[in-house]
Amino acid sequence: MSGIKTTFVVPKWENKTAPCAGVNGCPAGTNIAGALYALSRGQADHAWQIMMESHPLRSVLGRVCYNFCEKPCNRVYFDTPVAIQRLEMALSDEGFDAGWRPKMKRKNNKKVAIIGAGPAGLTAAYFLVRAGYAVEMFDAQDKPGGMLRYGIPEYRLDKSVLDREVDFILSLGVTLNSGHRLIGRELKSLLNGTKFQAVLVSTGADQSISADIEGKTENGLEFLRATQSGKKISLKGKSVVVIGGGNTAMDSCRTAVRLGAKPVIAAYRRTMDEMPAHYEEYIQAREEGVEFRFLLTPVSFDGKVVKFQKNRLGQSDESGRRKPEPIPGEMEEIQAEKVFTAIGQKPSEWEIPEDNRIFFAGDVLPDSPGTVIHAIAGGKRAADEIHRKLSGGRKLLKESLPEVPYEDMNVLRYYQKRMRLRSPLVPAGVRSKNFDDMLLPLNKGEAMLEADRCFKCGTCVGGAESTCDWCFHACDHKGLQKKMEPWDPEGVFFEISEECDGCGKCWEDCPRNVVTPSVLEE
């Protein structure tokens, strides 16, 4: 009969995004599910290559990231989240291959200058050089890495690991000019003529915010830079107070402990609940002997005693945290021989010309969250913006796919509750005496077992050596024909045959919400 449409429902294969890589997960959108599947099969090299498609500083992030990806993990609703960060460290160290090369596009005779070789600049360089651009970096320091090198202590990030990953990026053809400080008015000159078609500013938040305290104090960020630059500093037997509650303050405290200071006291104007430092940093600092005093605002330091104004918490301020309010007439004194202030950082003030060929990324932007992974994500986005500008609108990055919520999964039939891998640290009494890596390495068997806990949400694990195949087992009419290809995180592993009657068993049995019904109209 004319005008009447017949509707058919057939299975549709579609990879989706696991929540760990979604809007509330990894800011850089790492394909964690695909990488952990490869790792669960013992293929650390393949897992590393999958992650390298998302950003290039994998071993670094396996040590210093604050595991944003673990909080939305669907396994939270089943037992406990997968130990993703520790697995990233394991697969990156095990799978790193200096000789491997990602897919590189043909050179396009366009050149981009990047000012600042920190995590944002390095990430942008990685994606731009892969897209065919000639990339030249300028950095004021003697060595690249920015805060990764000069702000994060060695016990959290072994600099040989950083060197390995930076060298890999440079080996793709990126040119680096170290010890080359540019000022704002020089940006315009870079764009004069035909040398550079775009400039990315990624100089970070390299200036400390001054504390309002009378007397001679020292800067916590400069203290960390000095120790990371190899300067010999001894605080043996000295009493130290660190003003601040962020991650730089925690690193300053823990570095002072390792240099022999005792006691080391962190003084913060709010309470522990309002501290911007990552909770694990706070716990590890306490384990190492750092003492905490809360609701104190520094007033003065005379070389022997720090005077504080006592506070109470009032209403929430623009940061969403309760504002400290002074308690009239109530003061506290703490003895100290050295005081370090670490109340935050800000970018240098640049005189930047208005030019739509100048881009920005990372902590140089005022709304940056101030973490390494957010800087990396910003560098990745900047590379995409530059590419669109110079290529007539073509995108460098792929569109994000829909996320898979727990309620759309079919896990109860296929998975059992299993204990999360412990994340062992060197005991506090040992690690607090040196700058050695505080993370104990995982062996390959431990890493494979923990990776196998991952649900692989939205990721088909088919292929020639499939560990799933439930869609094929469910099909009574052989309506799905398997494509016998090696597993690929973006591969298609079945074709619909004429025998398919749209019964729905394949998508009902799919554990990971990869196979879903699709309506066809004829």
Which order, highest average first, do 467-473, 242-248, 346-352 follow once you tally other Cβ atoms within 10 Å for each residue and take the mean per peptide?
242-248, 467-473, 346-352
Taking max minus min of the Cα coordinates of region 51-189 on each principal axis, largest first, gives extents in Å of 57, 35, 27
Residue-normalised value, i.e. accessible area per residue, for region 350-394 at 1.4 Å probe, in Å², stands at 50 Å²
Between helix 84-95 and the chain: long-axis angle, C-alpha atoms, 0 to 90°, nearest 10:
80 degrees
Could you list log10 I(q)/I(0) for region 118-202 at q = 0.19 Å⁻¹, which the Debye formula gives when each Cα is one point scatterer?
-0.89
In deg cm²/dmol and to the nearest 500, what is the mean residue ellipticity at 222 nm of the chain if only DSSP H runs of at least 4 residues count, each as -39500 (n - 2.57), divided by the residue total?
-8000 deg cm²/dmol
Residue-span extension gain [residue 231 to residue 349] - 0.36 nm each, minus C-alpha spacing:
39.7 nm
Of all C-alpha pairs within region 77-129, those more than 14 angstrom apart amount in percent to 73 percent
Inter-probe distance in nm under a simple model that places probes 7 Å from Cα toward Cβ, at residue 503 and residue 398
3.2 nm
Quantify, in whole percent, the carbon and sulfur part of the accessible surface of the chain (1.4 Å probe; protein heavy atoms only).
49 percent
Virtual spin-label span in nm between residue 518 and residue 414, 7 Å along Cα→Cβ
1.9 nm
Let me check I have the definition right: for region 328-386, take the eigenvalues of the Cα gyration tensor, multiply each by 5, take square roots. What are those semi-axes in whole Å, largest first?
38, 15, 11
Assuming R0 = 45 Å, what is the FRET efficiency of residue 485 and residue 423, from their Cβ-Cβ distance, to the nearest 0.05?
0.80
Which residues qualify? For residue 207, with a placed amide H closer than 5 Å and at least 5 residues away or on another chain, they are 346, 348
Relative contact order for the chain: what is it in percent, counting Cα pairs under 8 Å that are at least 6 residues apart?
22 percent
Under 10 Å from the Cβ of residue 198, count the other residues' Cβ atoms, weight Lys and Arg +1, Asp and Glu -1, and hand me the total.
+2
Cut-off under 5 Å, modelled amide H: who pairs with residue 313 long-range:
325
Rounded to 10°, Cα long-axis angle of helix 159-171 versus longest principal axis of the chain:
50 degrees
Length-normalised contact order of region 380-492, Cα under 8 Å, at least 6 apart, in percent, tallies to 17 percent
Per-residue HN-Hα couplings for region 424-435 [Karplus 6.51, -1.76, 1.60; θ = phi - 60°; Hz; x = Gly/Pro]:
x, 10, 4, x, 4, x, 8, 5, 6, 9, 7, 9
What does the highest-first list of 125-138, 65-78 look like by mean Cβ count within 10 Å?
125-138, 65-78
As an exercise, find the ratio Rg/Rh for the chain from alpha-carbon atoms, using the Kirkwood inverse-distance average for Rh.
1.03
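The values are calculated or read from the model by the stated rules, or taken from the named source; none is laboratory data. Keep in mind that this is a model prediction, so the values were computed, not measured. Cβ sites come from the backbone with ideal geometry, for glycine too, and all protein chains shown count toward neighbours. These accessible areas exclude ligands, DNA and RNA; they are computed on the full protein's heavy atoms, side chains included. Shrake-Rupley method; radii C 1.70, N 1.55, O 1.52, S 1.80 Å.
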